[in-house]
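Student: After the structure tokens below, expect a handful of questions from me.
The values are calculated or read from the model by the stated rules, or taken from the named source; none is laboratory data. Everything numeric in this text was worked out from a predicted model, so none of it was measured. Protein only, heavy atoms only, side chains kept; ligands, DNA and RNA dropped before computing areas. Shrake-Rupley method; radii C 1.70, N 1.55, O 1.52, S 1.80 Å.
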Amino acid sequence: MTLAHMAEESAEGLPSGVPTLLVKVFGKDRPGLTASLFETLAAYAVDVIDLEQVVTRGRITLCALVTMPARGTGTEGELRATVHAWAESAGVQAEIISGLGDNPARGAGRSHVTVLGHPLSAEVTAAIAARITLAGGNIDRIYRLAKYPVTAVEFDVSGVATETLRTELATEAAARAVDVAVVASGLQRRAPRLVVMDVDSTLIQDEVIELFAAHAGCEREVAEVTAAAMRGELDFEESLHARVALLAGLDASVVDKVRDEVRLTPGARTLIRTLKRLGCQVGVVSGGFTQVTDVLRERLGLDFAAANTLEVVDGRLTGRVVGGIVDRAAKARLLRSFAHEAGVPLSRTVAIGDGANDLDMLNAAGLGVAFNAKPLVREAAHTAVSVPFLDTVLYLLGITREEVEAADAQG
């Protein structure tokens, strides 16, 4: 056989006309069960074509696709009898199905569909699965990514374009009030990324300007303007100047008090720590203030940070900001700038935010995640997370809770 023929056969897999056997085993799991089955099959010198095993609450389901017994080792009937006898002695059930060749090739258009539920109901799962089918997709595999703080499961889907599937499932997710993310399959999913997030109400639980306003006695007025701006009802730059003006005269020592009052969002440290271990770079862009983001950058080991700067003269806030304003358009520009500096294409970037001023950044990124976002933002982003745990974004990248915990234990 020529090298060309060998390469062609290797690429195509087992010829479709070759008889094969599907050996299915299910029952109570125990140590050594898988090894024992294959020791039994080894007597017939079979080759393993495909193999999959899952254990759920102590019950095993094991499927092995193997070739027919090699010449001189026994017949198919003898192999069947031997496997059934082994299953009886092992306290499990076995089923053997004859067929031809390997599994059919998966269809084009492969995607990962991540579903987050708190809890994840059977009704929602049925609706998502049905919508995948209606879109022309086939579910090839399902597995759990996490059981807390949310239930996260991932569907491997083929046969439908990623963008088509994303559109279909976005409609279903909105109707069912569940979080669904659809990303293309491929090697690029595991390559290092750049993750850029908003700060106020995303990386942290607070709106920093409202913390300043509380010290100035104008918290209610500032909160009303902030809420309108985040809903997209006011121009961000205009609203920023109006709110900052209310802080005029505050002693600059209030900056240290505000820094101490800032509360990280649950899961923020886990998200950043895990991303850094994966070789990702992490940054923040904020309509807030460098007086806070610079400290966050240092404490969390961030690679990039950009925000507005409050002007301080003679030890007091002037009620003005200095330098360029970080608004909606600037956030998208900064994402592109950070990506260029990091040497990461935009397709490998992830943006996370909650407000209308994050929309350009979310749409510019390879994956835009609306985190506990306003309705306008949730509808426009690629995907949404509606639980208050920032590290759930890791599940959208295919990282399991077990992998996170194992890395933490080693660290």
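Student: How much of the accessible area of the chain, in percent, comes from carbon and sulfur atoms when a 1.4 Å probe is used?
Tutor: Working: 10220 of 19580 Å².
Roughly 52 percent, rounded to a whole number.
Student: Over the Cα atoms of segment 263-393, what radius of gyration and what Dmax do you get, in Å?
Tutor: Gyration radius and largest Cα-Cα distance of segment 263-393: 15.0, 46 Å.
Student: Let me ask another. Excluding residues fewer than 8 places away in the same chain, name every one of the lysines whose C-alpha is closer than 30 Å to that of LYS276.
Tutor: LYS276 reaches LYS147, LYS257, LYS331, LYS374.
Student: Per 5 Å bin, what is the whole-percent P(r) computed from every C-alpha pair distance within segment 50-159?
Tutor: 2, 9, 14, 16, 16, 13, 11, 10, 6, 2, 1, 0
Student: Which translational diffusion coefficient, to the nearest whole µm²/s, is obtained for the chain from the Stokes-Einstein equation, given a Kirkwood hydrodynamic radius over C-alpha pairs, 10 °C and 1.306 mPa s? Don't jump to the answer; show the numbers that get you there.
Tutor: On the way: Rh = 24.6 Å.
In µm²/s, the coefficient rounds to 65.
Student: Still on this structure, please answer the following. Using only Cα atoms, figure out Rg for segment 142-193 and give it as a multiple of 2.2 N^0.38 Å. Can you show the working numbers first?
Tutor: Details: Rg = 12.4 Å, N = 52, 2.2 N^0.38 = 9.9 Å.
For segment 142-193, the normalised Cα radius of gyration comes out at 1.26.
Student: Note down, for segment 113-164, the three equivalent ellipsoid semi-axes (square root of 5 times each alpha carbon gyration tensor eigenvalue), biggest first, whole angstrom. If you can, show how the numbers build up before the last one.
Tutor: Details: eigenvalues 85, 27, 14 Å².
Working from the Cα gyration tensor, I get semi-axes of 21, 12, 8 Å.
Student: While we're looking at this one, here's another question. I need the per residue convex hull volume for segment 113-219, using only the alpha carbons, in cubic angstrom as a whole number.
Tutor: 151
Student: Here is a further query. With N residues in segment 197-249, what two-decimal value do you get for its Cα radius of gyration over 2.2 N^0.38 Å?
Tutor: Normalised Rg, Cα atoms only: 1.08.
Student: What does the convex hull of the Cα atoms come to per residue for segment 304-344, in Å³?
Tutor: Working: hull volume 3.0 nm³, N = 41.
Convex hull volume per residue, Cα atoms: 72 Å³.
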